[in-house]
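Presented below is the structure to which this report refers.
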Amino acid sequence: MVHEPNGAKAVRYCTGLSGHSSSCSRLQACLFTFKSSSAKPELAQASCVRRPRRWELPSREASTSPYNHTNTVLATTSTRSPTKVALKHTYRHHFKFITMEVLLGITGKDFTLIAASKAAMRGATILKASDDKTRVLNTHTLMAFSGEAGDTVQFAEYIQANVQLYSMRNNMELSPAATANFVRGELASALRSRKPYTVNLLLGGYDTIADKPTLYWIDYLASQAPLPYAAHGYAQYYCLSLLDKHHHPDIDYEQGMKIMRMCTEELKRRLPIDFKGVLVKVITKDGIKDVEYEDDVKVAIP
């Protein structure tokens, strides 16, 4: 109890951690004044005025360092008791997403080949040996997908439904280039929301207006690139060198199938898992067809 000069009685209450009343650095004192004429306590304006805090931006070093090694520190400063609050950010989507699934795409003179592994896997366990990882978007566009099981099917069916809805409303089909840009836009919007899709895609088609085959490589960060050949998953480590050596823009259908068999044989030889072969589809000016692909056929690599 403290006696003020004007006759009022003041009581100083200390709030802090229990058992640590002697630690003055960890306590905050609030002064409540009890006037003799009133039973209500009044908060002393001079002692307990809450001052606004000033937020400081992270330093240049914290801003320019790599995301996966950065601890962003925000300093909150007040005139009474300066404190610092450290916020450690974890960036889930800033690492390269690689799965055991196989996606391959090859373009030729008048066709586009898309191959996807048949095994539906969870870790090292094969849940299904005949899974179709492709979706037909329209007459001349096919999409193959890999990634997290829930994200892949949901996103592929969402894209399939919207592309078909566009065809019904406008009485015309989207070109492969327009479809690829639409898919990229949806992935980019989802990436900047709270529900990103962990999906890697190959979108193959045949442009009937330009009269040429097309192939688009799209990853889970919404990066898009038109390519003559492409791969996703561990296939990109083992097959891109073969494709770079043997592919050229004017190959015919038989040469394309031969290169595809070279890639699948290399995957069987190098991968420690059985991905149950691949499902192959071809897109031409006549539409999309399934290919009878025999995994046991041996091809000599020159």
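Readers should treat all values here as calculations from the given coordinates under stated rules, not as data from a laboratory. The model shown is predicted, which means the values in this text are computed figures rather than measured ones. Counting neighbours? That spans all protein chains shown, and the Cβs are built from the backbone with ideal geometry, glycine included.
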(request) For segment 102-291, count all C-alpha to C-alpha pairs, find those more than 28 Å apart, and express that count as a whole percent of the total. (result) 21
(message) Run the numbers for Lys245 and Asn162: contour at 0.36 nm per residue of separation, minus the present Cα-Cα distance, in nm.
(response) 26.1 nm
(message) Please arrange Ile283, Ile251 by how many other C-beta atoms lie within 10 Å of their C-beta, fewest to most.
(response) Ile251, Ile283
(request) Express in nm, to one decimal, how much length is gained between Lys128 and Thr284 on full extension, taking 0.36 nm for each residue of separation and deducting their alpha carbon distance. (result) 53.2 nm
(message) Tell me which of Phe182, Gly277, Val291 sits at the most positive position along the dipole axis of segment 165-302, charges placed on C-beta atoms (Lys, Arg +1; Asp, Glu -1).
(response) Phe182
(request) Quote to one decimal, in nm, the extra length available between Glu292 and Glu254 on full extension: 0.36 nm per residue of separation minus the C-alpha distance between them. (result) 12.4 nm
(request) Would you order Val280, Val153 from fewest to most other beta-carbon atoms within 10 Å of each residue's own beta-carbon? (result) Val153, Val280
(request) Rank the residues Met257, Met100, Met168 as a footprinting-exposure proxy: fewest other Cβ atoms within 10 Å of their Cβ go first. (result) Met168, Met100, Met257
